[in-house]
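Please treat every number below as a calculation from the coordinates, not as lab data. Computed from a prediction, not measured in an experiment: that's the story for all the values here. Cβ: placed from backbone, ideal geometry, glycine included. Neighbour counts: every protein chain shown.
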Amino acid sequence: MKRILITLFFIGLAGGFSAVYSEDGEELGKVGEVNKASGEITVNVPNSGQKIKMGDILYVRIDGAVVKMRAVFPMMTIARCKIEQSDKQNIILIKKGLTVWRYKKGVENIDPESESTVLENTNDSIIGTEWTIKYSNTDGYLSYLLIFKPDGRLENRHPNESTPDNDFWEQDGNSITMKINDSFVIYKGTINGSTMKGSATNTRNHTWEWEAVKVK
């Protein structure tokens, strides 16, 4: 089905644009909070309990592509949703403020029952890339590999890593944030092509500078 582009508007937090098409479903509200680790999305909707029922499928558009979620707990003014399993790779691209629509057949180019299309990396997304980070702090000089998983998880090859399931990352344009060991250390920096650098702070108020180079 040919989609007719009606308007374009820029969403700064999404790092791109969201297109409104003539076949889009009922507009319900806006994305509130996004938990990339659990895949949970809070949608801000006036009279949510009347508009959204448990099990309803909703979606957002990111650069024209459809990313679906399912309502699991609608309340008065918000609805808690869970990203559909077939779209879980795209959770990292969902940002606060995106418009949320009610899903209906024909809003995407593929059959609604088939597996959703994985979005192409936009704005030089680092999803799936590997980087070597290096820095000096109270532990001395360190250099090791970081792998940026598509679900917001970070594979951290630190030589002393013993809790691999509590490292996460977020990207907003060319800004990068990495939270290590349940935010015991937070790395913030700027991506510039195949390099990134910034500063890190731990809960003991120790700070240091770091840099990383893309290797894959």
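Each peptide in 163-170, 63-70, 84-91 gets a packing score, the mean of other Cβ atoms within 10 Å over its residues, and the list from highest to lowest is 63-70, 84-91, 163-170. Assuming charge only on the beta carbon of Lys and Arg (+1) and of Asp and Glu (-1), the dipole of the range 130-214 about its Cα centre is about 200 debye to the nearest 20.
Which order do peptides 132-138, 40-46, 203-209 fall in by mean Cβ count within 10 Å, highest first?
On the way: 132-138: 14.9, 40-46: 20.0, 203-209: 10.9.
Result, highest mean first: 40-46, 132-138, 203-209.
With a threshold of 18 Å on the Cα-Cα distance, the over-threshold entries among Lys68/Lys188; Lys88/Lys216; Lys88/Lys197; Lys88/Lys179; Lys36/Lys214; Lys36/Lys82 are Lys68/Lys188; Lys88/Lys216; Lys88/Lys197; Lys88/Lys179; Lys36/Lys214. Between the amide H of Val100 and those of Leu28, Gly29, Lys30, Val31, distances stay under 5 Å, these residues lying 5 or more places away or on another chain, with hydrogens modeled in the peptide plane. When only Cα pairs below 8 angstrom with a gap of at least 6 residues are kept, the range 130-214 shows a relative contact order of 24 percent. Couplings 3J(HN,Hα) of the range 126-142, computed from phi: 9, 4, x, 8, 10, 9, 9, 9, 8, 6, 10, 9, 5, 8, x, 7, 9 Hz, in residue order, whole Hz [Karplus 6.51 cos²θ - 1.76 cosθ + 1.60, θ = phi - 60°; x for Gly and Pro].
Per-residue packing, averaged as other Cβ atoms within 10 Å, sorts the ranges 94-106, 188-200 into the order 94-106, 188-200, beginning with the highest.
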